Amino acid sequence: MNLPNKLTLARVIMIPFFVVVLLAGLGGSASKWIALGIFIVASLTDLLDGHIARKYNLITNFGKFMDPLADKLLVCAAMICLVELGRLPAWIVIVIISREFIISGFRLIASDNGRVIAASYWGKFKTTFQMLMICLMIADISQLVYLTDIVMWIALVLTVVSLIDYLIKNKDVLSEQH
């Protein structure tokens, strides 16, 4: 259990605290700011664990499995909370979560065939805009409503573009079935 794996586990452990603070309003009027702080810290552990794992060659099978799962759990939990709060349309969350299931399925098939499919730049841009969208929606600042909407649409477009890019670049994965 090295440091990157501990950071990944910490991210998973932060999720229920984030959800409870955001949805139950623990912390009163400051609850959205506390929830935003938890989300930002959890998101930063993702950057940090990957950086440390690569820099110090601490990559493990546990990390390869849990890191992307922890990311999906964090983002999906946050988006579902935002639907509950009426800040994010459910159909957008369905599109985003569907993309994640499709990519995960492709990665499983590729893995069964001994292939590892790395994240693309489109996927990294998508993740960045999704996280920014979530932060803006948690903060719920009325003066930033137009910026929040623009970031939401960019995140949605990048979700679809990154899926299409992924499918085109890896279309041979389905034909490699043994």
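Just one of (1) in contact with a Gly (Cβ under 8 Å, 6 or more places away or on another chain); (2) without any contact (Cβ under 8 Å) to a residue 24 or more places away in the chain trips up Asn57, so point out which.
Unmet for Asn57, out of (1) in contact with a Gly (Cβ under 8 Å, 6 or more places away or on another chain); (2) without any contact (Cβ under 8 Å) to a residue 24 or more places away in the chain: (1).
What are the residue pairs meeting all of these: first residue in the range 31-42, first residue at pLDDT 95 or above, second residue open to solvent by 40 Å² or more (accessible area, probe 1.4 Å) and not in a helix (DSSP H, G or I), Cβ atoms under 7 Å, and 6 or more apart or on different chains?
Listed by first residue and then by second, the contacts come to Lys32/Asp140; Ile34/Gly27.
Tally the residues that are open to solvent by 30 Å² or more (accessible area, probe 1.4 Å) and closer than 21 Å to Ile94 by Cβ, restricting the search to the range 166-178.
So the count comes out to 1.
Looking at Trp91, is it touching a Ser or Thr at 6+ places or on another chain (Cβ under 7 Å) and open to solvent by 50 Å² or more (accessible area, probe 1.4 Å)?
no
Of the residues in the range 97-125, how many are under 14 Å from Pro68 (Cα atoms), at pLDDT below 95 and under 14 Å from the mean Cα position of the chain (by Cα)?
7
Give the number of residues within the range 13-57 that are surrounded by 13 or more Cβ atoms within 10 Å (Cβ to Cβ) and part of a loop (DSSP other than H, G, I, E, B).
3
Out of Glu100, Glu84, I need the residue that is among the acidic types (Asp, Glu) and open to solvent by 50 Å² or more (accessible area, probe 1.4 Å). Which one?
Sole residue among the options that is among the acidic types (Asp, Glu) and open to solvent by 50 Å² or more (accessible area, probe 1.4 Å): Glu84.
The values are calculated or read from the model by the stated rules, or taken from the named source; none is laboratory data. Keep in mind the model is a prediction, meaning the values are calculated, not measured. Cβ: placed from backbone, ideal geometry, glycine included. Neighbour counts: every protein chain shown. Side chains included, ligands, DNA and RNA excluded: accessible areas come from the protein's heavy atoms. Shrake-Rupley method; radii C 1.70, N 1.55, O 1.52, S 1.80 Å.
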